[in-house]
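*Asks:* If you scroll down you'll find the structure; I have some questions about it.
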Amino acid sequence: MSAHIIDGKAAAARVLQQVRHDVNTLKAEGIEPALAVILVGNDAASEVYVRNKILRAGEAGIHSLEHRLPANSSQARLLALIAELNADNTVNGILLQLPLPAHIEENRVLQAIDPGKDVDGFHSENVGGLSQGRNVLTPCTPSGCLHLLEETCGDLSGKHAVVIGRSNIVGKPMAALLLQAHCSVTVVHSRSNDARALCQLADIVVAAVGRPRLIDASWLKRGAVVIDVGINRIEDHGRSRLVGDVDFDSASEVAAAITPVPGGVGPMTIAFLMKNTVTAARQQAHAQRSQSEAVCLSTC
Ligand code: NAD
């Protein structure tokens, strides 16, 4: 068996096409979607991620504002910038690029972002809303994975999904989204007893571990659909290259469908960041309209 390769680049291009269409609709209503990106310090990988996000925003017609702070900036300075962006009605989305320098408390600053502008979906109000099945901004990577699964499998209802990894950024929100899509969900992690045996029961496997090629064919049921979130840089015959958490060659012998690395989940993350920015812009415009109508009703 040779698995169907899920083309994340093509899927992301379709999402971005819809985003562009939605941006044009908003612009016709006088709404100019804008995303503020904050980068503290000059971590090389973060620089690349920020550059790509700004590039994609431009392509989607979303105005982007880049805020760079030096690595030794105080937490107070960062909080002041976030407060300024929260209060700015022309900014719809705020993205704080992680990781932050060690002296800044990540959770403290993430909680300072207005939940309505939290396009990464990391604020506890959005995390709680997701677990309650409310319509909130959800983290981009797991949202992109869910989209790929729905495009590949159609209705996910009743399927058994195993999520490998329980981080706040990928594993936990992925499990919540799959539950919302009516899957039976098992989360395995570094302390699980026999993660491989649990994984062998899965119709759907989402690997978000950060261990190069950990999951090979022996972890998979024949016909499983495999989403590989992992991005790991390895040395291979003296050359540096990216691999996932799944051993692609071995896994594709038993899986029905599988995402490659690169070209699978990666492009979906940025596409869903743009989608969240448009959603935030639309919700804010709606809230402002309702507010002005309420003021008018009480004063007219
Ligand atoms: P993390 O380090 O925060 O979490 C890893 C999780 O894997 C932990 O919950 C841990 O319990 C679990 N784990 C570790 N070893 C295990 C094992 N042997 N068996 C089972 N579980 C094990 O990582 P993260 O932030 O969730 O990222 C995971 C991977 O996804 C990384 O490679 C990261 O680079 C990648 N990633 C990719 C994107 C993207 O856009 N494609 C976005 C975010 C993260």
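*Asks:* Taking the condition of being in a loop (DSSP other than H, G, I, E, B), within 19 Å of Ala251 (Cβ to Cβ) and open to solvent by 70 Å² or more (accessible area, probe 1.4 Å), how many residues in segment 167-210 meet it?
*Replies:* The number of residues fulfilling the criteria is 3.
*Asks:* Considering only residues that are of a type in the set (Gly, Ala, Ser) and in contact with a Gly (Cβ under 7 Å, 6 or more places away or on another chain), which ones fall in segment 13-35?
*Replies:* Passing the criteria: none in range.
*Asks:* Looking only at segment 119-131, filter to residues that are in contact with a helix residue (DSSP H, G or I) (Cβ under 9 Å, 6 or more places away or on another chain) and part of a helix (DSSP H, G or I); which one of those is farthest from Leu78 (Cα to Cα)?
*Replies:* Once the filter is applied, the top-ranked residue is Ser131.
*Asks:* Still on this structure, I have one more. Could you please let me know if Val163 is closer than 30 Å to Ala76 by Cα, within 11 Å of the ligand (Cβ to nearest atom), surrounded by 23 or more Cβ atoms within 10 Å (Cβ to Cβ) and aliphatic (A, V, I, L, M)?
*Replies:* Spelling it out, it is not the case that Val163 is closer than 30 Å to Ala76 by Cα, within 11 Å of the ligand (Cβ to nearest atom), surrounded by 23 or more Cβ atoms within 10 Å (Cβ to Cβ) and aliphatic (A, V, I, L, M).
*Asks:* When only residues in segment 218-235 that are in a strand (DSSP E or B) and not acidic (Asp, Glu) count, which is nearest to the ligand (Cβ to nearest atom)? Steps first, answer last, please.
*Replies:* Residues of segment 218-235 in a strand (DSSP E or B): 225-228, 232-235.
Retained after the next criterion (residues that are not acidic (Asp, Glu)): 225-227, 232-234.
On the way: Val225: 17, Val226: 14, Ile227: 10, Asn232: 5, Arg233: 9, Ile234: 11 Å.
Among those residues, the one meeting the criterion is Asn232.
*Asks:* Would you mind stating whether Met268 is crowded, with 23+ Cβ neighbours inside 10 Å, touching a Ser or Thr at 6+ places or on another chain (Cβ under 9 Å) and within 30 Å of Lys27 (Cβ to Cβ)? I'd like the intermediate steps shown before the answer.
*Replies:* Details: crowded, with 23+ Cβ neighbours inside 10 Å: yes; touching a Ser or Thr at 6+ places or on another chain (Cβ under 9 Å): yes; within 30 Å of Lys27 (Cβ to Cβ): yes.
Yes: the conditions hold for Met268.
*Asks:* Scan the helices (runs of 4 or more DSSP H) fully inside segment 1-118 and keep the ones with 3 or more residues being open to solvent by less than 80 Å² (accessible area, probe 1.4 Å) and touching a helix residue (DSSP H, G or I) at 6+ places or on another chain (Cβ under 8 Å).
*Replies:* 8-28, 44-60, 75-87
*Asks:* Could you check segment 3-56 and list, in sequence order, the residues that are within 19 Å of Gly266 (Cβ to Cβ) and of a type in the set (Gly, Ala, Ser)?
*Replies:* The answer is Ala3, Gly8, Ala10, Ala11, Ala12, Ala13, Ala44, Ala45, Ser46.
The values are calculated or read from the model by the stated rules, or taken from the named source; none is laboratory data. Worth saying up front: this structure is predicted, and the values here are computed from it rather than measured. Counting neighbours? That spans all protein chains shown, and the Cβs are built from the backbone with ideal geometry, glycine included. For accessibility, only protein heavy atoms count, side chains too; no ligands or nucleic acids. Shrake-Rupley method; radii C 1.70, N 1.55, O 1.52, S 1.80 Å.
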